[in-house]
Amino acid sequence: MEPKAKVKRVSKTKQSKSADGCFQNGVFSNGFCSMNGAKLPVVRAIDDDEEYGKRKTQDANFEKEILVTSANNSELCVTQTMRSLTVDEYAKAFKSFLDHSTEHQCMGQFNKEELPGIIASLGNGKSTINVLGVGSGTGEQDLKMIRIIQAVHPGIFIKNEVIEPNPQHILAYKEAVRNSTDLKNVSFSWHQLTSMEYEKQAKEQNIQKKYDFIHLIQMLYRVEDIASTIRFFHSCLDCYAKLLIIILSGKSGWASIWKNYRHCLPPTDSGHYITADDIKVVLEGMGVTYQVYNFPSYWDITECFIEGDTTGGQTMDFLTGTKDFMNSAPQDLKQSLLQALGQPECSTKKDGRVMFGNDLSMFVVNS
């Protein structure tokens, strides 16, 4: 297991631009799709705006037919249309991802080893701790963190607010709360909005509500302006408060795949390809102090190398954001991608299994 690294930096403020969303994992045309609930982002590099603008028109129908040379090189032929995953198809592929990865275990390790110390100063002696979850999905990670806050601050009332655009996820979140018997002295309220809509509403209504703890877990891939979103939610912090951002590490296998293959795959929605490296640029531009905790996480992708394997097919669908990728993609693209997945930049081998790098970075930003 790789050691965790902690970094604390203070920088002078300078202007920076970057982005809203709510889900995790699956590379789409220029991108990726994120966790914690259900977000369907595509991702592009922050500095790819001009290039993306050209591709947006080209791929407006969110489908793409790939032209490849026929076997005898006599003519160009069109493969079966490659299309992006629907919401239901994504949910199925995402479940397979969670079943075969250590993503939630990675977050659990952070919660156990680091979070209690991070939240010890929340509230500064107040009788109520105000928490805001942005892109919380079904609330699984939210509730784990709330229980830790309860343990660190026994008897304190916790007011938990949630921003989540997906109504089905909100229903699932509410059901999880109803089925929990250990959430005493906690109130819940839900806003069925994207983070962009919430920010717009707050500014239009001149709402200046402050929070002691705000978390953005795997949701920044889909926001329109990353830097603006981070600045806004940082401005919502009270004294002695913390902003938690969880994002894929710049050393993860995703970063390598996005760099080399995002232009070969069908797009789904406007979004951004970002990793922890991009978040560091934004935070240093803001001149805020922050700490970074890096935790290893792995995704067992062994079955994707077994032709015709069902789990392997779901793995490739989630990785590429493409429906039935193994049967719809050109042969040379499949071979090239599979070869890349086996390289050290993407994966390691353990006990005969191929483990894709899914490392996460946790940023804790001070108010």
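The values are calculated or read from the model by the stated rules, or taken from the named source; none is laboratory data. Small disclaimer: the values here were computed from a predicted structure and weren't measured. All Cβ positions, even for glycine, are placed from backbone atoms using ideal geometry, and neighbour counts span all protein chains on display. What goes into the accessible areas is simple: the full protein's heavy atoms, side chains included, and nothing from ligands, DNA or RNA. Shrake-Rupley method; radii C 1.70, N 1.55, O 1.52, S 1.80 Å.
Is it true that some residue in segment 127-150 is open to solvent by 30 Å² or more (accessible area, probe 1.4 Å) and of a type in the set (Gly, Ala, Ser)?
yes
What are the residues in segment 101-112 that are farther than 16 Å from GLN150 by Cα and more than 17 Å from the chain's Cα centre (by Cα), if any?
The answer is GLN109, and nothing else.
Is there any pair with a first residue in segment 113-125 that is crowded, with 17+ Cβ neighbours inside 10 Å and a second that is modelled with pLDDT under 95 and of a type in the set (Ser, Thr, Tyr) whose Cβ atoms are under 7 Å apart and which are 6 or more apart or on different chains, and what are they?
Listed by first residue and then by second, the contacts come to LEU122/TYR240.
Does GLU199 qualify as being among the acidic types (Asp, Glu), crowded, with 18+ Cβ neighbours inside 10 Å and part of a helix (DSSP H, G or I)?
Values: among the acidic types (Asp, Glu): yes; crowded, with 18+ Cβ neighbours inside 10 Å: yes; part of a helix (DSSP H, G or I): yes.
Criteria met by GLU199.
Report every pair of residues separated by at least 6 positions or lying on different chains whose Cβ atoms are under 7 Å apart, first residue within segment 187-207 and modelled with pLDDT under 95, second open to solvent by 80 Å² or more (accessible area, probe 1.4 Å) and of a type outside the set (Val, Ile, Thr).
MET196/GLU224
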